1. Are any residues in the stretch 355-387 aromatic (Phe, Trp, Tyr) and in contact (Cβ under 8 Å) with a residue 12 or more places away in the chain, and if so, which ones?
2. Can you find a residue in the stretch 399-409 that is under 24 Å from ALA270 (Cα atoms), touching a residue at least 40 places away in the same chain (Cβ under 8 Å) and not in a helix (DSSP H, G or I)?
3. If the requirement is being β-branched (Val, Ile, Thr) and either closer than 30 Å to ILE2 by Cα or within 23 Å of the chain's Cα centre (by Cα) (or both), which of these qualifies: VAL134, VAL199?
4. Suppose the filter is outside any loop (DSSP other than H, G, I, E, B), in the same structural domain as ALA255 (by TED's automatic domain parsing) and buried (at least 17 other Cβ atoms within 10 Å of the Cβ); does PHE455 pass it?
5. Can we say ALA409 is closer than 16 Å to GLY499 by Cβ and in contact with a Pro (Cβ under 7 Å, 6 or more places away or on another chain)?
6. Check LEU183, LEU178, LEU212, LEU121 and return the single one that is assigned by TED's automatic domain parsing to the domain that holds SER286 and in a helix (DSSP H, G or I).
7. Scan the stretch 462-471 and give yes if some residue there is in contact with a strand residue (DSSP E or B) (Cβ under 7 Å, 6 or more places away or on another chain) and on the phi < 0 side of the Ramachandran plot, otherwise no.
8. When only residues in the stretch 195-241 that are of a type in the set (Asp, Glu) and surrounded by fewer than 22 Cβ atoms within 10 Å (Cβ to Cβ) count, which is modelled with the lowest pLDDT?
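The values are calculated or read from the model by the stated rules, or taken from the named source; none is laboratory data. Everything quoted here is computed from the prediction, not taken from an experiment. Cβ sites come from the backbone with ideal geometry, for glycine too, and all protein chains shown count toward neighbours.
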Amino acid sequence: MITELGHFALILAFLVSIVQAVVPLVGAQKRWPGWMAVAEPAATLQFILTAAAFAALTHAFVTSDFSLRLVVMNSHSAKPMLYKISGVWGNHEGSMLLWVLILSLFGAMAAWFGGNLPPTLRARVLAVQSSIAVAFFAFIIFTSNPFLRMAVPPFDGQDLNPLLQDPGLAFHPPFLYLGYVGLSICFSFAVAALIEGRVDAAWGRWVRPWTLAAWVFLTIGIALGSWWAYYELGWGGFWFWDPVENASFMPWLLAAALLHSAIVVEKREALKSWTILLAILAFGFSLIGTFIVRSGLLTSVHAFASDPERGVFILGILVVYTGGALTLFAARANVMQAKGVFGIVSRESALVANNIFLAVACFVVFVGTLWPVVAELLFARKLSVGAPFFEMAFTPFMVLLGLLLPIGAMMPWKRANVGRVLRQLAPALFLALALAGLVWAMQTGKTLLGPVGVFLGTWLVAGAITDLYSRLGKNRDLSRLLRLPRADWGKAVAHGGLGITMLGIAGLMAWQEEDIRVAYVGQPFTVGAFEFELNGVERVQGPNYFSNMADVSVRQDGETIATLYPEKRNYPVQQMPTTEAAIDYRLMRDVYVVIGDPQDDGGWVMRVYLKPLANWIWGGCILMAIGGFLSLSDRRFRVAAGARKSQMVGVPAE
């Protein structure tokens, strides 16, 4: 009964989305207040109905309702409760229902918190947002229905992919989708502004919080996914340049560019066309990511589905919405005249350069991701583009971005004096060069990556601190820091977080040590400054798996500092093994141990990694997210641009 109610709620949400996509749009064009007013209750009702459908599907997973096909394919009665719940979105159909739930949530939030928007713009934003929902509701109902029944329910299910039976599944996809799908509201603002025929400082102020929220959630989602891969897959890497990893990274880069570009629109009423284009492309790349994951176009461990019919449907959505928005952009480009003028040396120019580096970096990732497909289609050649290409092509733009950020952040608007800014940053530059030189002197015969990463990371962190210090005035009054806007604190914390992440990545890649051997019980061996000893391997049984669990002692200077328990699990229902790494987390390094297969002579294959600064990668990401939340909490983001509101009400579309 609950399942049928969920299915019915999904269909009703689809019908409501059609009404919301059409009626307010017509009302805004005709200036009919009653028709425009339909948008807000419709957005709320659409979210409530979608949430009801999602709750019904969750109930089916929690209660192991094996009359539902999706539960049979992705659950098992012996599975722990956490994985029963997270299994709701650990498959194609359920994850798409989560997709539209978040899409309708952002539409509802725009209705709840958009009271400061002009009525016509609000109606158009909600209508465009709902038009996206129409397409995805249709996609779910007609090609990916999660509520299909089994004619003869089996006694038990086929279980979830063992790689997904991890707490990471509970947190990584929801945060990633909040970012992915959150960019839809930026797209809706852009298209609504194009229809409205006006983009000004007020529009920049309205779109910034939504962009910032999406970027923060994407940052958290990508970081969680990276950490999940690090400890779960057993290969010790934090990023593989997998096509689906790239699919989430490209919108992140464009969202970062959009966030900085919207600042210029708000402060100087410049870069209007570019900002609108970024808003369209950021969500367009989110749709590209959805297409890659669900079409079978590219092979990935993250892929949900490989059904060509579904892929064609999503490709159609991508072409209609992104292509339609770009066509509208081309038709309306002449009405987005820039008003603010600025010098070549100014904060505006620094933000333009920031945007160029981020956009080109995104293009590099895009080309590297899709080039194997293009080469096979056009030249009948099978190619593989791996980490070496991305690291060589992508890294220079991130280095340039890192060099520019502290300088650009301290430049004044309109016109700047670079010499004055560099004099303020001289201590930060000296510290960064000193630490890089120290690292260069200490390491012998190793890559330049370490010193360069130390320099960039220190430069960014020290530059962010210098930026805050410069706000103290001539008297260096520390109490002024407490009175600074939260957006200024957020900027400094986020830039510092980026520096820490860069330092962590460089340190890990430059100074990691790896050892692979056959280990024997009671025979110690040394890797770097640590001694390891396999004490034994025990056969243990989990709730729905069997495991070979090793007991490994880790010593340093003759003292035992950790006992680690790496596992090699086997899930009998899926007949699939998984590797569970054991990690001793410390501030300056990780000791990472993986147990492999038994050998005929009684030994066990064991891999050991020493990973310097590994946790700095995710610590920096946490700081970036905290910086985003600090900025989002700034009162200026929550107060209406009242002076602009009256100007935009009733402005006819040109």
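1. Those that are aromatic (Phe, Trp, Tyr) and in contact (Cβ under 8 Å) with a residue 12 or more places away in the chain: PHE357, PHE366, TRP371.
2. Within the stretch 399-409 (the criterion being under 24 Å from ALA270 (Cα atoms), touching a residue at least 40 places away in the same chain (Cβ under 8 Å) and not in a helix (DSSP H, G or I)), the answer is no, since none of the residues qualifies.
3. Checking each option against the conditions leaves just VAL134.
4. No: the conditions fail for PHE455.
5. Taking the combined requirement at face value, the residue does not satisfy it.
6. Answer to the selection: LEU212.
7. Scanning the stretch 462-471 turns up no residue that is in contact with a strand residue (DSSP E or B) (Cβ under 7 Å, 6 or more places away or on another chain) and on the phi < 0 side of the Ramachandran plot.
8. Only one residue tops the list, namely ASP200.
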